[in-house]
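Data first, discussion second: the structure below is written as structure tokens.
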Amino acid sequence: MKVVKTIDEVKQAVREWREEGLTIGAVPTMGYLHEGHLSLIDRSVKENDRTVVSVFVNPIQFGPSEDLESYPRDIERDSALCRGHGADIVFNPEPGEMYKDGFSTFVDMSVLTEELCGLSRPTHFRGVCTVVTKLFNIITPDRAYFGEKDAQQLAVIKHMVRDLNMNVTVVGCPIVREADGLAKSSRNTYLSGDERSAALILSRTLALGRKMIEAGERDVRKITDAMKKNIETEKLARIDYVKIVDIETMQQVETIDRPVLCAMAVYIGKTRLIDNFSFTEGE
Ligand code: AMP
């Protein structure tokens, strides 16, 4: 397995693989890998001849007051994990390699980015769509793997691939959780002991919402009100959003009469955590 810093090195390896007729899987990440990322890598290694894991803290998807500088980084550890899980290349570019002087082309999306994280982080998905497009152009993967943990991101990428006729199959992978239910996230490392306990309010509140839906409640206002009330019982928690949206369009619904995503972003202290579940009648 190779760790490479330049776009040319990735392109060269991809050319050689293509000459041999091999298939390629891509796993875009921001690094500080955990079992959530590793589940994506395992799936890619299983389904493709070669796997490229990108480890890149993408500056253009962070807002001005967000955690770009403090985002955890450990490329040595990440590389060892990728090697252990059978990846072929770790692509770890510097920001200047991805965004050369004068960079001025962006990929943006409307509708699907209007709610949820797109509302709280107005330039986030422009940054995500742009970097993922660049990674797809560099790696030219047959398949690319994304986690349902970032459900809006997964929907946005699938939609972008469809809208722009990109030659890649986007594969969504289930959320990997800690034993107590907290969704694994690189940002969990920011949490103090008290905050780590408080963070359980996310998965517990999702369980409450799911229970209400499974018991037959279809009024979105009633469900989200109960969920918000539950989060407010945790004094270290501050709600960014708790919403139920159409799973395709990411637009809010009033009644659960189609497949939906129930998603939340909650600050625990200064750390913004997200989690979600999807619900389809009869599934
Ligand atoms: P990140 O490094 O946070 O940008 O995440 C890179 C990829 O890993 C994204 O597709 C995420 O959705 C996915 N991912 C992150 N956390 C998890 C998790 N707990 N379970 C499954 N996938 C995850």
**Request:** Report the extension gain between residue 194 and residue 108 in nm, rounded to one decimal, defined as 0.36 nm multiplied by the number of residues separating them, less their alpha carbon distance.
**Result:** 27.1 nm
**Complete:** Those GluC sites (Glu not before Pro) from region 206-260 that are DSSP loop and have at most 11 other Cβ neighbours within 10 Å turn out to be 254
**Coil-residue GluC sites (Glu not before Pro) of region 69-168, DSSP, other Cβ within 10 Å capped at 10** = 69
**Message:** Can you give me the distance in nm between label points at residue 77 and residue 257, each placed 7 Å from the Cα along the Cα-to-Cβ direction?
**Reply:** 4.9 nm
**Request:** Take the Cβ-Cβ distance between residue 18 and residue 120 as r, set R0 to 41 Å, and report the resulting FRET efficiency rounded to the nearest 0.05.
**Result:** 0.55
**Request:** State which entries of 100/158; 134/229; 134/235; 158/184; 46/228; 211/270 exceed 31 angstrom in Cα-Cα distance in the structure shown.
**Result:** 134/229; 134/235; 46/228
**Fill in**
If the chain between residue 226 and residue 101 were fully extended at 0.36 nm per residue, the gain over the current Cα-Cα distance would be 40.1 nm
**Item:** Within a Gaussian network of the chain (alpha carbon springs, distance under 10 Å), most fluctuating of 249, 189, 271
**Value:** 189
**Request:** Counting only heavy atoms of the protein chains, get the accessible area per residue of region 26-177 (1.4 Å probe) and round it to a whole Å² value.
**Result:** 44 Å²
**Asked** Leaving out ligands, DNA and RNA, what percent of the accessible area of the chain is carbon and sulfur, probe 1.4 Å?
**Response** 47 percent
**Request:** Starting from region 26-134, pick out the trypsin sites (Lys or Arg not before Pro) whose DSSP state is loop and whose Cβ has at most 10 other Cβ atoms within 10 Å.
**Result:** 100
**Item:** Electrostatic dipole magnitude of the chain [Cβ: Lys, Arg +1; Asp, Glu -1; Cα centre; debye, to 20]
**Value:** 280 debye
**Complete:** Once the in-chain neighbours fewer than 8 apart are removed, the lysines whose Cα is under 18 Å from residue 2 read 11
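The values are calculated or read from the model by the stated rules, or taken from the named source; none is laboratory data. Note that the structure is a prediction, hence the values are computed from the model and not measured. FYI the Cβ positions are ideal-geometry reconstructions off the backbone, even for glycines, and counts take in every protein chain you see. What goes into the accessible areas is simple: the full protein's heavy atoms, side chains included, and nothing from ligands, DNA or RNA. Shrake-Rupley method; radii C 1.70, N 1.55, O 1.52, S 1.80 Å.
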